[in-house]
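This report refers to the structure that appears directly beneath it.
Here, each number is a calculation from the coordinates, and none is a lab measurement. Model, not experiment: these values are computed from the prediction. So basically every Cβ, Gly included, is an ideal-geometry build from the backbone, and we count neighbours across all protein chains shown.
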Amino acid sequence: MPKANKEAQALARDIAERKLKQDNFSLKSRLAEALKALEQCKFELNTAIKVDKAKDYVRPIRPREIKSGLREAAWVSLASDWHIEESVQPGTVNGVNSYNLAIARHRVERYFAGVSWLVNYHKPKFKLRDGILWLGGDLITGYLREENLEANECSPVHAIATLHGWIADGIRYILKHTDTETLKVICNSGNHGRLTHKTRPSTREANSIEWLLYHFLAREFSDERRVEFVLPQGAHTYAQVYDKVIRFHHGDDAKYGGGVGGIMIPVQKALYRWNTVRHADLTCIGHFHQYHDLYDLVINGSLIGYNPYALSVGAKYEDPKQAFFLMDSKRGKTFPASVWVKDSNSHA
């Protein structure tokens, strides 16, 4: 065979081998992409199944005044970031605040009285049958930092026992002083009352001492037909109020490391991520001790108010307050208000 033919055949075999390798590489790449897409589909399917199951977790609030034409609404009040056993000495915050167990109790009493006042204030204009009280976590400070071992006025266990009495009395106050027919108490744990050094997402509730508080309270009101406790199963809780879905979450999953944009940039990024899993028309969080009311977001204030930690990170001063608003059956969130828990003429 001529040399030229042998070279041509060798070149043809080389081209064929290279093409076969390219085809194999392409097929492997397509297979890898297909397997990756399959895993993503499995993840999205499992997420969808979990979300679908979660839809029945909280019984929805549905409109009742369909034919009467009365303006109907449900009231929502947020309670988070109380830190009742933490002590704040006026000298450590330039004299703008003072806090101890006695002041905490006074502010808790003012809170429940303020919620009742706001419900009755709107009573002439709305049919307010249903209410939501959100216990949003960080009601205690716990031993999250070493300094809390020295500065707190009581241990986490004693703080939980104290809170049990205060909150039970507050719920009874609302039931006695308003015409609320059904009260959903939606509970979320915070990041302070945990038993572990770091937050563990998969066992968040199992390591939360606030989980015990919520279960004890639920047991206390088990015979009260007007009260329904929604106990935490994870970081997020969804509740349907009329045709809107509200997401409740303590807020610690929105990481804020400082910056001129403030907390809104990380919070908005977190909202975008959460909405890819399940959409919510309104999100209620706490954690940041700053009250903000936006169209699709409510960030709760705090009961403790300005403390040395806030001063150390350069946080803006804010009076102690909690958030309140109505959910109009036809228009959604309306009439946002602050529940002022501090006397205007003193630190208490």
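So here's what we get for this one:
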{"read-out": "Residue among ALA315, TYR173, LEU31 farthest towards the positive dipole end of the chain, charges placed on Cβ", "value": "LEU31"}
{"read-out": "Beta bridges per DSSP with both ends in the chain, % antiparallel, nearest 5", "value": "45"}
{"read-out": "Full-stretch length increase - TYR317, ASN5 - with 0.36 nm per residue and alpha-carbon distance subtracted", "value": "103.5 nm"}
{"read-out": "Filter on LYS67/LYS269; LYS123/LYS255; LYS269/LYS333 - keep pairs with C-alpha separation over 31 Å", "value": "LYS67/LYS269; LYS123/LYS255"}
{"read-out": "Cβ-based net charge around LEU135, under 12 Å, with every Lys or Arg adding one and every Asp or Glu removing one", "value": "-2"}
{"read-out": "Fewest-first ranking of THR182, THR283, using other Cβ atoms within 10 Å as the exposure measure", "value": "THR182, THR283"}
{"read-out": "Amide H contacts under 5 Å for GLY332, placed H, 5+ residues apart", "value": "none"}
{"read-out": "Fewest-first ranking of TYR99, TYR295, using other Cβ atoms within 10 Å as the exposure measure", "value": "TYR295, TYR99"}
{"read-out": "Sites SER68 and TRP117 - FRET efficiency at Förster radius 35 Å, r taken between beta-carbons, to 0.05", "value": "0.85"}
{"read-out": "Pair ASP14, THR196: separation of 7 Å Cα→Cβ label points (nm)", "value": "6.0"}
{"read-out": "Fully extended contour minus Cα-Cα distance, from LYS176 to ARG273, at 0.36 nm per residue", "value": "30.8 nm"}
{"read-out": "MRE, 222 nm, helices only [DSSP H, n ≥ 4, -39500 (n - 2.57), over the chain, to nearest 500]", "value": "-13000 deg cm²/dmol"}
{"read-out": "Extension gain from PHE335 to LEU231, taking 0.36 nm per residue of separation minus the Cα-Cα distance", "value": "34.7 nm"}
{"read-out": "Order of LEU195, LEU271 under a 10 Å beta carbon neighbour criterion, fewest first", "value": "LEU195, LEU271"}
{"read-out": "Cα-based reach from LYS21 at 14 Å (exclusive), listing aspartates and glutamates while leaving out same-chain residues under 8 positions away", "value": "none"}
{"read-out": "For the chain: Kirkwood Rh in Å [reciprocal of mean 1/r, alpha carbons]", "value": "22.6"}
{"read-out": "Residues ILE265 and ASN94, FRET efficiency given R0 of 41 Å [Cβ-Cβ distance, rounded to 0.05]", "value": "0.90"}
{"read-out": "Overall form of the range 259-348 per C-alpha gyration tensor (a/c, 1.5; a/b vs b/c)", "value": "oblate"}
{"read-out": "Share, in percent, of DSSP beta bridges within the range 70-150 that are antiparallel, nearest 5", "value": "10"}
